[in-house]
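Have a look at the structure below before the remarks.
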Amino acid sequence: MVHLNLLEPSLLAKMQDRLLMNNGFPQIYGTQIAPPHSFHKIKDPRNVNKRRIEVGLDSIEITARKFGFEFRLEDYL
């Protein structure tokens with residue numbers, strides 16, 4: 001992949017997740033919210049925070065609280 005520094009890594013992660021979600025696949029970074037108050041399905045949820053940190057995103061727990069709900073790993077396994 002050519003790296004041109006045109007997008008911040010966090011914006012690229014959000015774009016990837018949106019494309020995956022819109023095509024019926026689990027998201028990678030957990031950036032897409034699904035009603036009512038949950039995340040769209042997440043691929044490998046045990047390691048989602050590791051991937052989020054690599055692209056400069058807050059933990060998934062912090063993001064969930066910002067949207068008014070709690071992230072519980074067992075709900076996504």
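The values are calculated or read from the model by the stated rules, or taken from the named source; none is laboratory data. Model, not experiment: these values are computed from the prediction. Ideal geometry is used to build each Cβ from the backbone, glycine not excepted, and the neighbour counts take in all protein chains shown.
Only residues that are of a type in the set (A, V, I, L, M) and surrounded by 13 or more Cβ atoms within 10 Å (Cβ to Cβ): list them for the range 28-39, please. Ile28, Ile33 - these are the residues of the range 28-39 that are of a type in the set (A, V, I, L, M) and surrounded by 13 or more Cβ atoms within 10 Å (Cβ to Cβ).
Among all residues of the range 6-27, there is none that is on the phi > 0 side of the Ramachandran plot, surrounded by fewer than 18 Cβ atoms within 10 Å (Cβ to Cβ) and either in contact with a Cys (Cβ under 8 Å, 6 or more places away or on another chain) or modelled with pLDDT under 95 (or both).
For the range 40-57, the candidate set comprises residues that are surrounded by 13 or more Cβ atoms within 10 Å (Cβ to Cβ) and touching a helix residue (DSSP H, G or I) at 6+ places or on another chain (Cβ under 7 Å); within that set, the residue that is nearest to Glu8 (Cα to Cα) is Val55. Screening Thr31, Thr63 for residues that are out of contact with any helix residue (DSSP H, G or I) (no Cβ under 7 Å at 6 or more places or on another chain) and among the hydroxyl-bearing types (Ser, Thr, Tyr) leaves exactly one candidate, Thr63.
Of all residues in the range 1-55, those satisfying the criterion of being in a loop (DSSP other than H, G, I, E, B), of a type outside the set (Asp, Glu) and under 12 Å from the mean Cα position of the chain (by Cα) are Pro26, Ile28, Tyr29, Gly30, Thr31, Gln32, His40, Lys41, Lys43, Val55. For the range 59-70, check the following and say yes or no: at least one residue is within 11 Å of the chain's Cα centre (by Cα) and in a loop (DSSP other than H, G, I, E, B). So far as the range 59-70 goes, yes, one or more of its residues are within 11 Å of the chain's Cα centre (by Cα) and in a loop (DSSP other than H, G, I, E, B).
Contact map, the range 26-55: residues that are under 14 Å from Phe71 (Cα atoms) paired with residues that are surrounded by fewer than 17 Cβ atoms within 10 Å (Cβ to Cβ) and small (Gly, Ala, Ser), Cβ distance under 9 Å, separation 6+ or inter-chain. Pairs shown: Tyr29/Ser10; Thr31/Ser10; His37/Gly68; His40/Ala34; Lys41/Ala34; Val48/Ser59; Asn49/Ser59.
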